[in-house]
1. May I ask you to derive the relative contact order of region 6-202, considering only C-alpha pairs under 8 Å and at least 6 residues apart, and to give it as an integer percent?
2. Pull out a ≥ b ≥ c, the square roots of the eigenvalues of the alpha-carbon gyration tensor of region 6-202, then state rounded if a/c is under 1.5, prolate if not and a/b is larger than b/c, and oblate in the remaining case.
3. For the ranges 74-80, 171-177, what's the packing order if you count other beta-carbon atoms within 10 Å of each residue, average per peptide, and put the highest first?
Amino acid sequence: MAALSEKDASAYLDARPRYPTDWYKKIAERTQDHKFAWDVGTGNGQAAIGLVDHYENVVATDINEAQLKRAIKHSRISYHHTPKNMSEDEMVALIGGENSMDLIVAAQAVHFFDLTTFYNVAKRVLRMGSEGEPVRLDIPHKLSLKGFIGFLKSWQPAMKAKEQGVELVDEDLITKFEEAWGDENQVKDVYYKAHMIVGKIPEMRSESDKVSEDSNKDNLLQTDVGRKQERRQPSDDENRQSKKQNTSEDEAC
């Protein structure tokens, strides 16, 4: 992920929309417990501040220190810088340890992640469950032309291109937006298109649990067979055959 400058981080904060409050309610209804939530790629904390209304504690992490400096403060939100060189074990410990999180949220951020590392950590810290389906949603926001241009410049693809010497939001593009916008001081309604998907990691048993279960089944089967053998009574034919055998032995004597 490209790091934002102090100026770009400020523009990003101004242009970034707040997510509708009912989203968090819908998500919270899907978790059994509401003690800990992890906001990954928190940026300025827009999602973290919404989660804190439904979870006792929110851990918010980001690779970008400039954004974390501008994060929305709250007594039950702990913000942490997670540099690229942080190991998976270090991240698990920082977040809260194995099987500690009731919820993990990535609000328009997962496309920045090293997915292998992210999923490895997620599987270790998240409690278990099942899956969900994506829902299309609109995020309303109000922006001036200056705020909109600032947001475009702070957009990650634009930042990465700039690092490579390519300016995507150049003067020609800005001029076109100025002509289409009209009065530069006019604040317009902007709608961000988004998809929300809620899912849970399916519960998985370890190999030792499976071996133990198979062993218990074998023991139970052996016990049942033994009991059946102990309780088995001889049939009438077997009784008659036994009596004949005894009579023959007597005659032989």
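None of the figures in this text is laboratory data; all of them are computed from the coordinates on show. Given the structure is predicted, the values throughout are model-derived calculations rather than measurements. Cβ coordinates were reconstructed from backbone atoms using ideal geometry, including for glycine residues, and neighbour counts include every protein chain displayed.
1. Values: 310 pairs, mean separation 46.8, N = 197.
Answer for region 6-202 is 24 percent.
2. Values: a/c = 2.12, a/b = 1.64, b/c = 1.29.
Prolate is the answer for region 6-202, as a/c is 1.5 or above and a/b outweighs b/c.
3. Values: 74-80: 15.1, 171-177: 11.0.
Order by mean packing, descending: 74-80, 171-177.
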